[in-house]
1. With +1 on each Lys and Arg Cβ and -1 on each Asp and Glu Cβ, how big is the dipole of the chain about its Cα centre, in debye rounded to the nearest 20?
2. On a 32 Å Cα-Cα criterion, which of the cross-link pairs 55/201; 101/231; 104/204 come out too long?
3. Which of these, 163, 27, 38, has the largest mean-square fluctuation under a Gaussian network model of the chain (Cα springs below 10 Å)?
4. In the full protein assembly as shown, how much of residue 240 is accessible to a 1.4 Å probe, in Å² to the nearest 10?
5. Tell me, how many Å apart are the Cα centres for the range 225-263 and for the range 115-141?
6. Where in the chain is the longest stretch that carries no GluC sites (Glu not before Pro) classed as loop by DSSP and with at most 16 other Cβ atoms within 10 Å?
7. Just from its helices, what would the mean residue ellipticity at 222 nm be for the chain, if runs of 4 or more DSSP H residues each count -39500 (n - 2.57) and the sum is divided by every residue, rounded to the nearest 500 deg cm²/dmol?
8. Given 0.36 nm per residue, what is the gain on full extension from residue 170 to residue 257 after removing their alpha carbon distance, in nm?
Amino acid sequence: MFFHAHPDDEALLTAGTMAMLAAEGHRVVLVVATAGERGLAEMEPGDALGETRLKELYTSAALLGCARVECLGYGDSGLSPKGGSADERPDNAFIDADTEKAAKALAAILHEEEADLLAIYDPAGGYGHPDHVQVHRVGRRASEIARTPIVLEATVNRDPLVRLLRLASRFYRFPPEFDVRTFESAYSASETITHRVNVRKYAKQKRASMAAHASQASGGDSDRTLAVMLKVPRPLYRLVFGTEWYVRRDLPPGARLTHPFDQ
């Protein structure tokens, strides 16, 4: 089971792994906490955007070979570091959810599926989106309730990422709101990563999964992350996005594994 905050998160972080496991004959289940109705898009935020993003999610899931898709039905908390002020958030914002209640809802699906593995996010929630941090909290607790044997934290190896961004900043002027230094505490350091999964064989499915989320390739004043990724030439895409990273906390530091079920 792969637990994400919003539609399109699965495409960015775990799509290759999901496609690989499905191809190997595993039953792959995708669960999202929200419909992502407050995301940036050409459409106005709201229910219509949420419905569009869920349709895109089902398309993405089918391309990856998922057997089941579920949405827990929480409200999208928004993009600001703390989800915005309380009066700006929907009444059922995921960031305000009771962790135990949300964890029990997720654990019920884990029980029903008899899941052997749950993928969530690292404690930083990747780049710090409040709903991503909540996915970590809720996912951790759900795995305890359901006694799920393997819990992987989907992440990115931040060390080469920071080096690349620093190099790029010498030649490219990033927007004022983009601070390379914020990535020094985002995602996970190389020494903490336990799984480096080679998904190059499934780059076609991963790219198709990204492309399925058309609403998230536009909106805002500049190209969205998804749009930039989809502009990467196909041969280079396979190289750049051919590895997915995970941290498994119950393994000794320094483990270097290559498959989600390795231990």
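1. Here the size comes out at about 1320 debye.
2. 101/231; 104/204
3. With Cα springs under 10 Å in the chain, the top fluctuation among 163, 27, 38 is at 163.
4. My reading of the accessible area for residue 240 is about 80 Å².
5. What the calculation gives is 17 Å, centre to centre.
6. 178-263
7. So the calculated ellipticity at 222 nm is -11500 deg cm²/dmol.
8. Contour length minus Cα-Cα distance gives 27.9 nm.
The values are calculated or read from the model by the stated rules, or taken from the named source; none is laboratory data. These figures come from a predicted structure and were not determined experimentally. Glycine also receives a Cβ, built like all others from the backbone with ideal geometry; neighbour counts cover every protein chain displayed. Just so you know, the surface numbers come from the protein's heavy atoms only, side chains and all, with ligands and any DNA or RNA stripped out. Shrake-Rupley method; radii C 1.70, N 1.55, O 1.52, S 1.80 Å.
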